[in-house]
Amino acid sequence: ETGPRTPVLWLHGLECTCCSESFIRSSHPTIEDILFNMISLDYDDILSAAAGTQLEEVRRRIMKEYKGKYILAIEGNIPTKDDGVYCLVGGDSFLNTVKETAADAAAIIAWGNCASFGCVQNAHPNPTGAAPVSDIIKNKPIVKVPGCPPIAEVMTGVIAHFHTFGTLPELDRLGRPKAFYNTRIHDKCYRRAFFDAGMFVESFDDEATKKGWCLYKMGCKGPTTYNSCSKIQWNGGTSFPIGSGHPCIGCSEPGFWDNGPFYGR
Ligand code: SF4
Ligand code: SF4
Ligand code: F3S
């Protein structure tokens, strides 16, 4: 609690910004606690007050002053085709900026499915050559925090772990923190009893839908998706996609856009 805050440089590549939208809604720990007591968010081209040259100068200064000590957080992925021309930030390609900023980082956090696995931008036919962070940076520890977006408390939980222990959390074989990605949605789903009893929704307007039966036949990917949605849920524990009657589409897994169809089997 009394230690210095960890400097964080948060870059944005090809993305939709909803990982940030999720992050700022964390309720435990609260986003205020994260920003005032755990990290110093020195660069974030979405949330910073400064912009343009001023902000780029801050990024370079932090890289120099906190060499080997700052966290590089990346939201979105990196287009690699045609020298990375499909995403330019501060007058340079995002590809160059990621390489430059990663060089002296202590570790990298890849937010969301975009930065972790590529998401919709690198779905077939991937016209911009969009690549996840781990395809570009090979010599730094990377923690992948997938989901589209990830759950707010999973994001802040990873930061809280690094701030408390000075290390990345234990990771699974895909590089995700085990604490949050060690069970399938299916393992803790409240509709599991219907699955086991063979009671399935067959159409979105049938009686079984009204009764909240299992969504497996509607394409639910819960049996093959590792994430915390059915445990800690969203919006401070309010609900999650299946709780709202929608099948899980596997948004924390690699290649989920190409693993379709989303609906039906
Ligand atoms: Fe948006 Fe999803 Fe990418 Fe996050 S992972 S930036 S929510 S498209
Ligand atoms: Fe499993 Fe999906 Fe059915 Fe829940 S709704 S029990 S996650 S198949
Ligand atoms: Fe994503 Fe499935 Fe959770 S679609 S939000 S992993 S329930």
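Every number in this text was worked out from the coordinates using simple rules, so none of it is lab data. No experiment lies behind these values; they were computed from the predicted model shown. Because the Cβ atoms are built from the backbone with ideal geometry, glycine has one as well, and the counts that use them run over all protein chains shown.
For this structure, a couple of remarks:
- Rough spin-label spacing in nm, given labels placed 7 Å along Cα→Cβ, for ALA50 and LYS217: 6.0 nm
- Taking the chain and dividing mean pair separation by its residue count, relative contact order in percent (alpha carbons under 8 Å, at least six apart): 18 percent
- The stretch 27-70 - Kirkwood radius from inverse mean 1/r over Cα pairs (Å): 11.6 Å
- Relative contact order of the stretch 36-193: 19 percent, from C-alpha pairs under 8 Å at least 6 residues apart in sequence.
- Per-pair calculated FRET efficiency, R0 = 22 Å: ASP258 and ALA193 via Cβ, rounded to 0.05: 0.10
- Label-to-label distance for ARG265 and ASP135 is 3.1 nm, based on points extended 7 Å past Cα in the beta-carbon direction.
- Which listed pairs, of LYS144/LYS178; LYS64/LYS99; LYS69/LYS178; LYS144/LYS188; LYS69/LYS99; LYS67/LYS138, have C-alpha distances above 20 Å, in listed order: LYS69/LYS178; LYS144/LYS188
- About its Cα centre, the stretch 93-182 has a charge dipole of approximately 160 debye under the convention of +1 per Lys or Arg Cβ and -1 per Asp or Glu Cβ, with nothing else charged.
- Each Cα pair under 8 Å and six or more residues apart adds its separation to the average, and for the stretch 70-110 the resulting relative contact order is 55 percent.
- Per-pair calculated FRET efficiency, R0 = 30 Å: GLU207 and THR17 via Cβ, rounded to 0.05: 0.15
- Net length available on complete extension from THR2 to LYS99 is 31.7 nm, with 0.36 nm assigned per residue and the Cα-Cα distance removed.
- When both bridge partners sit in the chain, DSSP labels roughly 30% of those beta bridges antiparallel.
- The chain - Debye-derived log10 I(q)/I(0), Cα point model, q = 0.08, 0.09, 0.10, 0.12 Å⁻¹: -0.34, -0.43, -0.52, -0.73
- Couplings 3J(HN,Hα) for the stretch 231-244, derived from phi with the Karplus relation 6.51 cos²θ - 1.76 cosθ + 1.60 (θ = phi - 60°), are 9, 9, 6, 10, 6, x, x, 6, 6, 7, x, 5, x, 9 Hz, where x marks Gly and Pro.
- Free-standing Cys residues across the chain, given no other cysteine C-beta under 4.7 angstrom: CYS16, CYS18, CYS19, CYS87, CYS189, CYS214, CYS220, CYS229, CYS248
- Alpha-carbon radius of gyration plus Dmax, which is the widest Cα pair, for the stretch 121-259 in Å: 16.9, 54
- Site pair ALA179 and LYS64 shows an inter-label distance of 3.6 nm when each label is modelled 7 Å from Cα along Cα→Cβ.
- Helical contribution to [θ] at 222 nm, DSSP H n ≥ 4, -39,500 (n - 2.57), averaged over the chain, rounded to 500: -7000 deg cm²/dmol
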